[in-house]
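The values are calculated or read from the model by the stated rules, or taken from the named source; none is laboratory data. The structure displayed is predicted, hence computed values, not measured ones. Cβ: placed from backbone, ideal geometry, glycine included. Neighbour counts: every protein chain shown. Quick note on the areas: whole protein, heavy atoms, side chains included, nothing else; ligands and nucleic acids left out. Shrake-Rupley method; radii C 1.70, N 1.55, O 1.52, S 1.80 Å.
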Amino acid sequence: QNPISAKFRPHMAFMGNPGTGKTTVARLFAQILREEGLLPNSNFVEVSPDELIGEYVGHSAPKARAQFERARGGILFIDEAYELYKRGKEGGGNQYGQEVITALIKFMEDDRDTIVILAGYTDEIRYLIKNGNPGLPSRVTNEFIFNDYEPEVLYNILLSNLHGFEMTEEFKDNMRQIINYEYEHRNKNEWGNARVIENYASDIFRLFLNKHDAKGIIAVDCIDEHL
């Protein structure tokens, strides 16, 4: 008997801006379900539309099915899934994207051991589910919104990325102000959340190595002038 029955197929939509932890949560979810005996294995396959869409008519379905098979028994995570239908609206990729969506619907219908997660921006994913195929709304019935991180959380993420290095209070104060400013002036549809902070940390560490050869304290001279 399959661990996941016909009544338990919680295909999901993980929606929100980049850097909000959608992929991380999905990976943890796969592990938890496997440990609880609700999935045959902890397979986690993350793919983009580019990895599903073929180069010519008729190529997309078998290419997509090959990726689906890799995830069998675990979780198939399609990042920026809305591109499958967005391309269709732009013209040339319509048939290719629809081939993938049709193959995905069949996979979701026939396979009782795998959970599919469609991930991406909230409005775009909802548009995909509503318009991409009549079979999507009845199959992707669980929506989870990943909100932007608050400035204090982002600041703590920065400190975590620089863990192990001493930092001056002036540096910390400056970075807190920069994060607060960037958060308040962010494009709410494109803000990168933790990814932005990780980039800050990389730039800071690069300057620290250049100026201090990994010795000493991280100070304000390690903050990129463009921040």
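Rolling a 1.4 angstrom probe over the protein heavy atoms with all chains in place gives the chain an accessible area of 53 Å² per residue. Between region 187-208 and region 21-43, the alpha-carbon centres lie 28 Å apart.
For helix 194-212, what angle does its Cα long axis make with the longest principal axis of the chain, in degrees from 0 to 90 and rounded to 10? With rounding to tens, the tilt is 40 degrees.
Atom-type composition of the exposed protein surface of the chain places 45 percent of the accessible area on carbon and sulfur (1.4 angstrom probe). Rounded to the nearest 0.05, what FRET efficiency do residue 25 and residue 55 have when you use their Cβ-Cβ distance and R0 = 45 Å? Between residue 25 and residue 55 the formula returns 0.85.
Expressed in nm to one decimal, what extension gain is obtained for the pair residue 225 and residue 41 from 0.36 nm per residue of sequence separation less their Cα-Cα distance? Show your work: numbers first, answer last.
On the way: separation 184, 0.36 × 184 = 66.24 nm, distance 4.78 nm.
Here the segment from residue 225 to residue 41 would lengthen by 61.5 nm.
For the chain, the longest principal axis of the C-alpha atoms and the axis of helix 122-131 are separated by about 10°.
Couplings 3J(HN,Hα) of region 79-84, computed from phi: 7, 6, 4, 4, 4, 4 Hz, in residue order, whole Hz [Karplus 6.51 cos²θ - 1.76 cosθ + 1.60, θ = phi - 60°; x for Gly and Pro].
Full extension of the chain between residue 166 and residue 213 gives 15.5 nm of extra length, using 0.36 nm per residue less the Cα-Cα distance. Near residue 207: Cβ cut-off under 9 Å, other residues only, Lys/Arg at +1 and Asp/Glu at -1. The net charge is -1. Helix 169-184 and the long axis of the chain differ in direction by around 40°, with both axes built from C-alpha atoms. Sort the chain into rounded, prolate or oblate with this rule: let a ≥ b ≥ c be the square roots of the eigenvalues of the Cα gyration tensor; rounded if a/c is under 1.5, and if a/c is not under 1.5, prolate when a/b is larger than b/c, oblate otherwise. The shape class here is prolate. Could you compute the net charge surrounding residue 183? Neighbours are other residues with a C-beta less than 12 Å from the C-beta of residue 183; K and R count +1, D and E count -1. Result for the neighbourhood of residue 183: -2.
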